[in-house]
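Next up is a structure, given as structure tokens.
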Amino acid sequence: MNRRSKVLFARAQKRIPGGVNSPVRAFRSVGGEPRFIKSGKGSRVIDVDGNSYIDYVCSWGPLILGHSPSKVQAALRQQTDLGTSFGASTENEVILAEMIADAFPAIEKVRLVNSGTEATMSAIRLARAFTGRNKIIKFDGCYHGHVDSLLVTAGSGVATLGLPDSAGIQPQECISTLSVPYNRIEVVQKVLDDNRAEVAAVIVEPIAGNMGTVLPAPGFLQRLRKLTREHGALLIFDEVITGFRLSYAGAQGLLRLKPDLTCLGKIIGGGLPVGAYGGHREIMKWVAPEGPVYQAGTLSGNPLAVAAGIATLKALKAANVYKRIEGLTQELVAGLRKAAEEAGAAVQINTIGSMFTVFFTNSPVTDFQSAKKSDTNRYGRFFHALLDRGVYFPPSQFETCFVSLAHSRSDIRTTIDAAREAFAAAV
Ligand code: KE4
């Protein structure tokens, strides 16, 4: 029953475009109407009609500790008593910057901003200034926020809404953006050769999360690092999702790779608005006021977001955190694969660390092209069948499920049981 959600959605649509403050929340790609959430604790959220769900959206990634973790709540309470924003530097901003730099060897200096979009937008501007070049290479299906020049065959909400390029963006904004298929290193090589000495940067989600979870082919990122270095283009890892998600040093820590710039967000703010971009000090010294690349923000380094981020990263330094969360994810994915097989549903489940996506397709999903071959209507039916059984997956085929440290083995078993019925119901 979702009567109050329905009433609120009708009201919301009168005053907010599409009734939501971010498109993917509107359930457009799965049908039906969004549930309005009232509260969250641990692995669960409760909607305004009192329905409880085991949550695998986790606020799209930030809540790796689960909802309302006590240590983060305590840090926020302590900070609100001291003040919420000063527009001046604070000790905690230095502490968070030091924690990020200690975690990521490729980050010698870092600038805090208010969203992942601001992080990637600023990183692109910095790369152009540092190299004196204009062109940017990105990958089809990777989403880097709603930056004008990067909304080119983007993933996430854009893919969901079938907007290959958003309205309102001037063609000349994207003329220097070259989008190539993910995992196709030979295409990257050709584009770099054809645009010799013109490419400022290649930006990539090292593990893609915005076409659903899609993994890099063996050697893809290593060859990308080599090619960009040979061509004098900067390599930017967009780790807004994977930063502190896949390891305490993100995807680059797992892969033992060092990009020139890294974009972060989500987890480093513990559920409050945040973003960051950082890299080698020789590059970061170009950022104002040290250098000529202007970038600013009223609430950058906001005391509440920084307090929540510090509390979250401290919790992630505890022993075996990543081993535990991966074990839970592997148990869930194995159970989902078995449940799908029992229901005769052809699925591909891509997973790494505590990320996974269930694709309704027979063939492997290795890039945006193959992701789009999934049966998104069937995903929509599966999504609602799960929702009706108290399990909340992302309301889009082109997103990633997240497991948090608050998910229990009982949650995993409950989810597998619900999925067994949902696979059968979604035929
Ligand atoms: P924000 O501006 O939404 O904080 O971050 C943009 C961004 C940048 N880079 C990556 C890899 C991202 O995944 C994102 C945002 N992620 C989406 C979900 N995949 C946010 C959800 C939404 O748009 O509502």
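The values are calculated or read from the model by the stated rules, or taken from the named source; none is laboratory data. On a predicted model such as this, the values are computed, not experimentally measured, just so you know. Every residue, glycine among them, receives a Cβ derived from its backbone with ideal geometry; neighbour counts consider all protein chains shown.
Would you mind finding the one in Thr357, Thr329 that is in contact with a His (Cβ under 9 Å, 6 or more places away or on another chain) and not assigned by TED's automatic domain parsing to the domain that holds Gln79?
Values: Thr357 fails: in contact with a His (Cβ under 9 Å, 6 or more places away or on another chain).
None of the others qualify; the one that does is Thr329.
While we're on this one: What residue, among those in the stretch 17-48 that are among the aliphatic types (A, V, I, L, M) and out of contact with any helix residue (DSSP H, G or I) (no Cβ under 7 Å at 6 or more places or on another chain), is surrounded by the fewest Cβ atoms within 10 Å (Cβ to Cβ)?
Step one: of the stretch 17-48, the residues among the aliphatic types (A, V, I, L, M) are 20, 24, 26, 30, 37, 45-46, 48.
Those still in the list that are out of contact with any helix residue (DSSP H, G or I) (no Cβ under 7 Å at 6 or more places or on another chain) too: 37, 45-46.
Details: Ile37: 19, Val45: 22, Ile46: 17.
Checking each candidate, the answer is Ile46.
Right, another one. If I filter the stretch 337-368 down to residues being in contact with a helix residue (DSSP H, G or I) (Cβ under 7 Å, 6 or more places away or on another chain) and in a helix (DSSP H, G or I), which single residue comes out as nearest to Ala425 (Cα to Cα)? Let's see the steps before the verdict.
Filtering the stretch 337-368 down to residues in contact with a helix residue (DSSP H, G or I) (Cβ under 7 Å, 6 or more places away or on another chain) leaves 339-340, 342-343, 345, 347, 349, 351, 353-354, 356, 358-360, 363-365.
Narrowing the set further to residues that are in a helix (DSSP H, G or I) leaves 339-340, 342-343.
Working: Ala339: 12, Ala340: 11, Glu342: 12, Ala343: 9 Å.
Per the stated criteria, the residue is Ala343.
Which one of the conditions (1) within 24 Å of Val287 (Cα to Cα); (2) within 16 Å of the ligand (Cβ to nearest atom) does Gly155 fail to meet, given that it meets all the rest?
So the condition that Gly155 fails would be (1).
Pull up the stretch 158-180, narrow it to residues that are assigned to a helix (DSSP H, G or I) and more than 15 Å from the ligand (Cβ to nearest atom), then point me to the one that is modelled with the highest pLDDT. Lay out the reasoning, then the answer.
So the first thing to find is which residues in the stretch 158-180 are assigned to a helix (DSSP H, G or I), and the list is 158-160, 171-174.
From what is left, the residues that are more than 15 Å from the ligand (Cβ to nearest atom) are 171-174.
On the way: Pro171: 77, Gln172: 79, Glu173: 79, Cys174: 82.
Among them, the one singled out is Cys174.
Of all residues in the stretch 28-42, count the ones that are of a type outside the set (A, V, I, L, M), part of a loop (DSSP other than H, G, I, E, B) and modelled with pLDDT of 95 or more.
Total satisfying the criteria: 7.
In the stretch 181-213, what residues are within 17 Å of Ala371 (Cβ to Cβ), of a type in the set (D, E, K, R) and more than 10 Å from the ligand (Cβ to nearest atom)?
Arg184, the sole residue that qualifies.
Identify, from the list Ala75, Ala119, Ala127, the residue that is crowded, with 22+ Cβ neighbours inside 10 Å, in contact with a Leu (Cβ under 6 Å, 6 or more places away or on another chain) and outside any loop (DSSP other than H, G, I, E, B).
Details: Ala75 fails: in contact with a Leu (Cβ under 6 Å, 6 or more places away or on another chain); Ala119 fails: in contact with a Leu (Cβ under 6 Å, 6 or more places away or on another chain).
Just a single option satisfies the conditions, and that option is Ala127.
To continue, here is another question. Would you pick out the residues in the stretch 27-40 that are touching a residue at least 60 places away in the same chain (Cβ under 8 Å) and away from the ligand (no atom under 13 Å from the Cβ)?
Let us first name the residues in the stretch 27-40 that are touching a residue at least 60 places away in the same chain (Cβ under 8 Å), namely 27-32, 34-35.
Passing the criteria: Val30, Gly31, Gly32, Arg35.
Let me ask something additional. Being closer than 28 Å to Pro364 by Cα, acidic (Asp, Glu) and surrounded by fewer than 22 Cβ atoms within 10 Å (Cβ to Cβ) is the filter here, so list the residues in the stretch 172-229 that pass it.
Passing the criteria: only Glu186.
Here is a yes/no grid of residues against (1) under 27 Å from Ala385 (Cα atoms); (2) modelled with pLDDT of 95 or more; (3) more than 16 Å from the ligand (Cβ to nearest atom):
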residue	(1), (2), (3)
Ile54	yes, yes, yes
Ile64	yes, yes, no
Arg77	no, yes, yes
Gly87	no, yes, yes
Val94	no, yes, yes
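Let me ask another. Could you list, in sequence order, all residues of the stretch 326-358 that are under 22 Å from Val204 (Cβ atoms) and under 18 Å from the mean Cα position of the chain (by Cα)?
Keep residues of the stretch 326-358 that are under 22 Å from Val204 (Cβ atoms), which gives 348, 350-357.
Once the filter is applied, which keeps residues that are under 22 Å from Val204 (Cβ atoms) and under 18 Å from the mean Cα position of the chain (by Cα), the stretch 326-358 yields Asn350, Thr351, Ile352, Gly353, Ser354, Met355, Phe356, Thr357.
In contact with a helix residue (DSSP H, G or I) (Cβ under 9 Å, 6 or more places away or on another chain), assigned to a helix (DSSP H, G or I) and surrounded by 15 or more Cβ atoms within 10 Å (Cβ to Cβ), is that true of Ala97?
Values: in contact with a helix residue (DSSP H, G or I) (Cβ under 9 Å, 6 or more places away or on another chain): no; assigned to a helix (DSSP H, G or I): yes; surrounded by 15 or more Cβ atoms within 10 Å (Cβ to Cβ): yes.
Judged against the criteria, Ala97 is not a match.
So His146 ticks every box in (1) surrounded by fewer than 22 Cβ atoms within 10 Å (Cβ to Cβ); (2) assigned by TED's automatic domain parsing to the domain that holds Leu221; (3) more than 11 Å from the ligand (Cβ to nearest atom); (4) not in a helix (DSSP H, G or I) but one. Which box is left unticked?
(3)
Just a yes or no: is a residue in the stretch 369-379 surrounded by fewer than 19 Cβ atoms within 10 Å (Cβ to Cβ), in contact with a Ser or Thr (Cβ under 9 Å, 6 or more places away or on another chain) and not in a helix (DSSP H, G or I)?
Looking for residues that are surrounded by fewer than 19 Cβ atoms within 10 Å (Cβ to Cβ), in contact with a Ser or Thr (Cβ under 9 Å, 6 or more places away or on another chain) and not in a helix (DSSP H, G or I), one finds at least one in the stretch 369-379, hence yes.
Can you name the condition, by its number, that Val110 falls short on among (1) outside any strand (DSSP E or B); (2) in the same structural domain as Gly145 (by TED's automatic domain parsing)?
The one condition Val110 does not meet is (1).
Here is a further query. So which of Arg256, Arg229 ends up being modelled with pLDDT of 95 or more, outside the structural domain of Val365 (by TED's automatic domain parsing) and over 22 Å from the mean Cα position of the chain (by Cα)? Write out each step before concluding.
Working: Arg256 fails: over 22 Å from the mean Cα position of the chain (by Cα).
Every option except Arg229 fails the conditions.
Right, something else. Looking at Val24, Val45, Val7, can you tell me which residue is among the aliphatic types (A, V, I, L, M), touching a Ser or Thr at 6+ places or on another chain (Cβ under 9 Å) and either more than 16 Å from the ligand (Cβ to nearest atom) or not in a helix (DSSP H, G or I) (or both)?
Numbers: Val24 fails: either more than 16 Å from the ligand (Cβ to nearest atom) or not in a helix (DSSP H, G or I) (or both); Val7 fails: touching a Ser or Thr at 6+ places or on another chain (Cβ under 9 Å).
After applying the criteria, what remains is Val45.
Identify the single condition in (1) in the same structural domain as Pro34 (by TED's automatic domain parsing); (2) among the β-branched types (Val, Ile, Thr); (3) touching a Gly at 6+ places or on another chain (Cβ under 8 Å) that Thr351 does not satisfy, given that it satisfies every other one.
Of (1) in the same structural domain as Pro34 (by TED's automatic domain parsing); (2) among the β-branched types (Val, Ile, Thr); (3) touching a Gly at 6+ places or on another chain (Cβ under 8 Å), only one is false for Thr351: (3).
If you go through the stretch 386-411 one residue at a time, how many are assigned to a helix (DSSP H, G or I) and either closer than 17 Å to Gly61 by Cβ or in contact with a strand residue (DSSP E or B) (Cβ under 9 Å, 6 or more places away or on another chain) (or both)? First the steps, then the outcome.
The initial filter retains those residues of the stretch 386-411 that are assigned to a helix (DSSP H, G or I), namely 386-388, 409-411.
Next cut, either closer than 17 Å to Gly61 by Cβ or in contact with a strand residue (DSSP E or B) (Cβ under 9 Å, 6 or more places away or on another chain) (or both) only: 386-387, 411.
Adding up the residues that qualify gives 3.
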